[in-house]
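Scroll down for the structure; my scribbles are underneath it.
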Amino acid sequence: GAGVSQTPSNKVTEKGKYVELRCDPISGHTALYWYRQSLGQGPEFLIYFQGTGAADDSGLPNDRFFAVRPEGSVSTLKIQRTERGDSAVYLCASSTGQPGNTIYFGEGSWLTVV
Amino acid sequence: GEDVEQSLFLSVREGDSSVINCTYTDSSSTYLYWYKQEPGAGLQLLTYIFSNMDMKQDQRLTVLLNKKDKHLSLRIADTQTGDSAIYFCAESKGDKIIFGKGTRLHILP
């Protein structure tokens, strides 16, 4: 597809379960970002990949959150032992990685922890 | 305080101009952005301005940057019902973008 694709679009899970959220960036984009947006808030930075490596993971809230991008394209955000406070929209974005280049966002994955 | 601050709500009559204001903290930010988010939709980049510019105009949108005061504004001329959305101000910080909490723009008939 032409844009950033995220799956699933909606996920309801029970507290304590493990969740994986997938992001398919725009073809050729080397930079990939994960953000989290809670209700009534702006997007909050989680992690940034340049290629396969996590160039900046300073936004991950704790060690229950982990993200990978093994081949420099698709990325998976993994959340262990989910808590109700993890409920949010998880947004993925990609860009060419050049300074000032537009960052394109996907539609997000809505996660609800019950 | 927050890195990027903006007022939460703005109501404007259809046809009037909307002005959304934002303040940011990082004087080394190279780029400043305005994103639009419609209900249930993703973030759409509206416009951005390089930090060495004072103003940028793009059709109905005008961005003003006061670097000394770290103040950014977005003016939407001839506001239409389709402009109803949340507008996020954002600053570049290294390789990432830091967002404000968003201003909800409500259009009055």
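All of the numbers you see were taken from the coordinates with simple rules; none came from a lab. Please read these numbers as outputs of a predicted model, since none were measured by experiment. So basically every Cβ, Gly included, is an ideal-geometry build from the backbone, and we count neighbours across all protein chains shown.
For chain B, what does the relative contact order come out to in percent, with C-alpha contacts under 8 Å and a separation of six or more?
Numbers: 264 pairs, mean separation 42.2, N = 109.
Relative contact order for chain B comes out at 39 percent.
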Neighbourhood net charge (12 Å Cβ-Cβ; Lys/Arg +1, Asp/Glu -1) for A:SER58 | -2
Taking only Cα atoms and a 10 Å spring cutoff, compute GNM fluctuations for chain B and point out the largest among B:PHE99, B:PHE50, B:PHE88.
-> B:PHE50
Mean Cα-pair separation over length for chain A, i.e. relative contact order, pairs under 8 Å, 6 or more apart, % | 36
Between B:LYS67, B:LYS96, B:LYS56, find the one with the highest GNM mean-square fluctuation for chain B; connect C-alpha pairs within less than 10 Å.
-> B:LYS96
Only Lys, Arg, Asp and Glu count, each charged at its Cβ (+1, +1, -1, -1), so figure out the dipole size of chain B about its Cα centre, rounded to 20 debye.
-> 80
Computed label-point distance, nm, for sites A:THR112 and B:GLN80 using a 7 Å Cα→Cβ extension = 3.4
Listed by chain and number, the aspartates and glutamates with an alpha carbon less than 14 angstrom from that of A:LYS15, same-chain partners under 8 positions apart left out, are A:GLU83, A:ASP86
Once you put a point 7 Å from the Cα of A:GLU71 and another 7 Å from the Cα of A:ARG84, both along the Cβ direction, what distance in nm separates them?
-> 4.0
Please find the FRET efficiency linking A:GLN50 to B:SER17, where r is the Cβ-Cβ separation and R0 is fixed at 41 Å, and quote it to the nearest 0.05.
-> 0.55
Set of lysines near B:LYS70 by C-alpha distance (under 25 Å), chain-local residues within fewer than 8 positions excluded = B:LYS36, B:LYS56, B:LYS93, B:LYS96, B:LYS101
Spin-label pair B:SER51/A:ALA2, simplified geometry with 7 Å Cα→Cβ offset, distance in nm | 3.4
